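Please treat every number below as a calculation from the coordinates, not as lab data. All values derive from a computational prediction rather than experimental measurement. Every residue, glycine as well, gets a Cβ built from its backbone with ideal geometry; the counts of neighbours run over all protein chains shown.
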Amino acid sequence: MAGSATTPQAVTDLASPPANWSRVQGLNCRLTVELALPGVKVRDLMGMRVNTVINSQWQLSADVPLRVNGELIAWSEFEVAGKKLAVRITELA
């Protein structure tokens, strides 16, 4: 999302899409950020409780995939925005 380091802008602030997109602009979609955790086993999932911490192999500076309805659209990084966790787009796919 475009914006300053302290105040990410809403998706609605992006440039207007082409007019022929008007029919699909109101459709719902699923936006997911993937953080693969290789090596997690079913027994690990069964042992999860509140406050469980699962370590990942991702480096702090590594971008994570951002998908819409399962399709990769961008790479992103996590960021703290106030008291919320946000995702900053770093590269379009």
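Could you sort the peptides 38-51, 79-92 by per-residue average Cβ neighbour count (10 Å cutoff), highest mean leading? Walk me through the intermediate numbers first.
On the way: 38-51: 8.1, 79-92: 11.9.
In decreasing order of mean packing, 38-51, 79-92 become 79-92, 38-51.
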- By average C-beta atoms within 10 angstrom, highest first, the peptides 63-72, 25-34: 63-72, 25-34
